[in-house]
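Student: I have a structure here, written as structure tokens, and I will follow up with some questions on it.
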Amino acid sequence: MKSAVILISGRGSNMRAIVEAGLPARIAAVVSNRPDAAGLAYAAERGIATAVLDHGGFPSREAFDEALARRIDEYAPDLVVLAGFMRILGDGFVRRYDGRLINIHPSLLPAFPGLHTHRRALEQGVKIHGCTVHFVTGQLDHGPVVIQAAVPVLPGDDEDSLAERVLRQEHRIYPLAVRWFVEDRLVIENGVVRVQGEKASQWVFDAQ
């Protein structure tokens, strides 16, 4: 059985969705860069190993990345899952886990990389918004797309209402992406991810 380490910075709602999905994988550890991350208590209650590396205690981004990688490697995971991990990881870290580092982003990439995606979607007047699971590369919020979910932008939406509907879809597609990975079903060809085996849709649309 393959194993995964999940990185969080806050409540870890996507981490919870993955843990509770009953996947054929072992969650080896949950690691946070914030000692007050609420998701750590949930993981500990579930008997999952936890660790904290406070990024504020390191002299540079590179020093933090190296310490984080060493801690991750203690668990020898097949997959590293970024689930609301609010740190930009350097090229060396990304290369170290090339092909086994995934992230979820609250927009339909390549639209709206970075922060404040829901606000920007509303400001731009887009009619469809959503979320994306992708393999991480050295370019921020880019990399081969595993699966996306789309939601309509409704009249009267504000950041909170739009974010809530997008988050529901994140909780649907992230466990599915992890399942495909641990079942060896994901293949990257010329920068495009394909799912092998039984027919699988790599997009979800929520009409509400």
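Each reported figure results from applying straightforward, stated rules to the coordinates on display, with no laboratory input. Just so it is clear, the model here is predicted, and its values are computed rather than measured. All Cβ positions, glycine included, derive from the backbone under ideal geometry; neighbour counts span all protein chains shown.
Student: Taking amide H positions as placed 1.01 Å from N in the peptide plane, with prolines and chain starts having none, which residues 5 or more places from Val193, or on another chain, fall under 5 Å of its amide H?
Tutor: Residues meeting the criterion, in which the H sits 1.01 Å from N, are Val145.
Student: Determine the relative contact order of region 1-97: mean sequence separation of Cα pairs under 8 Å and six or more apart, normalised by residue count, in whole percent. Each step should come with its number before you reach the end.
Tutor: Numbers: 160 pairs, mean separation 36.9, N = 97.
Dividing the mean separation by the residue count of region 1-97 yields 38 percent.
Student: Need the C-alpha centroid separation for region 93-115 versus region 136-162, integer Å.
Tutor: If you average the Cα positions of each part, the centres end up 11 Å apart.
Student: Taking a temperature of 4 °C and a viscosity of 1.567 mPa s, what whole-number D in µm²/s does Stokes-Einstein yield for region 12-122 with Rh from Kirkwood over alpha carbon pairs?
Tutor: For these conditions, the coefficient is 85 µm²/s.
Student: For region 86-93, in order, what is each residue's ³J(HN,Hα) by Karplus, 6.51 cos²θ - 1.76 cosθ + 1.60 with θ = phi - 60°, in whole Hz (x at glycine and Pro)?
Tutor: These are the phi-based 3J(HN,Hα) values: 8, 9, 7, 9, x, 4, x, 5 Hz.
Student: So, one more: Return the long-range amide H neighbours of Thr137 (sequence gap of 5 or more, or a different chain), with a cut-off of under 5 Å between placed amide H atoms.
Tutor: For Thr137, whose amide H was placed from the backbone, the distant partners under 5 Å are His142.
Student: Let me have the relative contact order for the chain, percent, based on Cα pairs under 8 Å that are six or more residues apart. Intermediate results must be reported in sequence, preceding the final value.
Tutor: Values: 392 pairs, mean separation 40.0, N = 208.
Once divided by the residue count of the chain, the mean separation gives 19 percent.
Student: Here's a follow-up. Just the Kirkwood number for region 72-208, please: inverse of mean 1/r across all distinct Cα pairs, in Å, one decimal.
Tutor: Working: mean 1/r = 0.0642 Å⁻¹.
Every distinct Cα pair counted, the radius reaches 15.6 Å.
Student: When DSSP beta bridges are limited to those with both residues in the chain, what percentage is antiparallel, rounded to the nearest 5? Provide the component values of the computation, followed by the final result.
Tutor: Working: 15 of 36 bridges.
Here the antiparallel bridges make up roughly 40 percent for the chain.
Student: Starting at the first residue of region 193-207, write each ³J(HN,Hα) from the Karplus equation 6.51 cos²θ - 1.76 cosθ + 1.60 with θ = phi - 60°, in whole Hz, x for Gly and Pro.
Tutor: Here the 3J(HN,Hα) series is 8, 10, 9, 7, x, 4, 4, 9, 7, 9, 8, 10, 10, 9, 7 Hz.
Student: Within the set of other residues whose C-beta is less than 15 Å from the C-beta of Asp157, count the net charge using Lys and Arg as +1 and Asp and Glu as -1.
Tutor: Numbers: positive: Arg119, Arg120, Lys127, Arg165, Arg168; negative: Glu123, Asp158, Glu159, Asp160, Glu164, Asp206.
Computed value for this residue: -1.
Student: Please list, ordered by chain and number, the residues whose modelled amide H lies under 5 Å from the amide H of Lys2; skip anything fewer than 5 residues away on the same chain.
Tutor: Arg26
Student: If we count every other residue with Cβ under 12 angstrom of His116's Cβ, Lys/Arg +1 and Asp/Glu -1, where does the sum land? Working shown, then result.
Tutor: Values: positive: Arg119, Arg120; negative: Glu123, Glu159.
Net local charge, His116 excluded: 0.
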